[in-house]
Every structure is written in structure tokens, then in C-alpha cells.
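One structure below.
The values are calculated or read from the model by the stated rules, or taken from the named source; none is laboratory data. Note that the structure is predicted; figures quoted are calculated from it, not measured. All Cβ positions, glycine included, derive from the backbone under ideal geometry; neighbour counts span all protein chains shown. These area figures cover heavy atoms from the full protein model, side chains too; ligands, DNA and RNA do not enter into them. Shrake-Rupley method; radii C 1.70, N 1.55, O 1.52, S 1.80 Å.
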Amino acid sequence: MSISGGSAVLSRGPIPAGTVGDIALRTMFGKVTAHIEFLQTCADGVPLAQAFRFLAMEEKSSERLLAATQMMEQEGLSDVPPTKSSGHPATETLSLLADSMRRLAAHLLPKR
């Protein structure tokens, strides 16, 4: 997840790239709703994951998304290299575990 888009695991299969739709996400700062465009499949190396980009969202949703992505970055849960220690020793371990699980899922899940 980022301020420009993200990826979603779609259990019913991929949606054609270029398809537009709406998405609702829950964050600890509140609900984020946006108009999105679906992009390529196999996002982050996960066969069932599909990338999307935000096309438009209301100002309040934008503020909530920005706050959520900043918190994720501060906790070490982003692709941005950490600039300082998060203060939570388990955060780095959980982040490494999540990365390992994504790579493992990419190898174990059937390719479409």
C-alpha cells in the first residue's frame, strides 16, 4: 500500500487490467474510499495479487491514507529503508516474516 496505489489478493481471480472500480479500505485512522484502476497481476510476486492505482479520492480519505502509510513506514512496514529504529524489536522480525511469506506464497500457489 502506498499513497499512489497498492495490491489486493483477489480470491475470485484477476480482473482485466484497465478495469476501473471503487475500493473501501479500513485503516486505524478511519475508512478510505477511492476510485481505482486495476493493473497487472502477480503483484509482489504473489500469483493471486493484483496491483491497482488510485485515480481519485475525497480529501478526508486522502488524509487518512497518508496518515496510515506514514505510520506503516515509521513501524518499518514499508519498502522504504528505515531512517531510524522503530523502537519495537518485533517490528523488524514481523516485516522479515511477511516478506518471506510473500516469497514462499509466490512459489507455492499455482500460476495462472
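Quick rundown of the values:
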{"quantity": "Within the stretch 29-50, considering residues that are aliphatic (A, V, I, L, M) and without any contact (Cβ under 8 Å) to a residue 40 or more places away in the chain, the one surrounded by the most Cβ atoms within 10 Å (Cβ to Cβ)", "calculated": "VAL32"}
{"quantity": "Flag if SER78 is outside any strand (DSSP E or B), under 21 Å from THR91 (Cβ atoms), open to solvent by 40 Å² or more (accessible area, probe 1.4 Å) and polar (S, T, N, Q)", "calculated": "yes"}
{"quantity": "Only one of ARG26, ARG12, ARG53 that is assigned to a strand (DSSP E or B), among the basic types (Lys, Arg) and free of Cβ contacts under 8 Å to residues at least 12 places away in the same chain", "calculated": "ARG26"}
{"quantity": "Members of the stretch 37-95 found to be in contact with a Pro (Cβ under 8 Å, 6 or more places away or on another chain) and modelled with pLDDT of 85 or more, listed by number", "calculated": "PHE38, THR41, GLN50"}
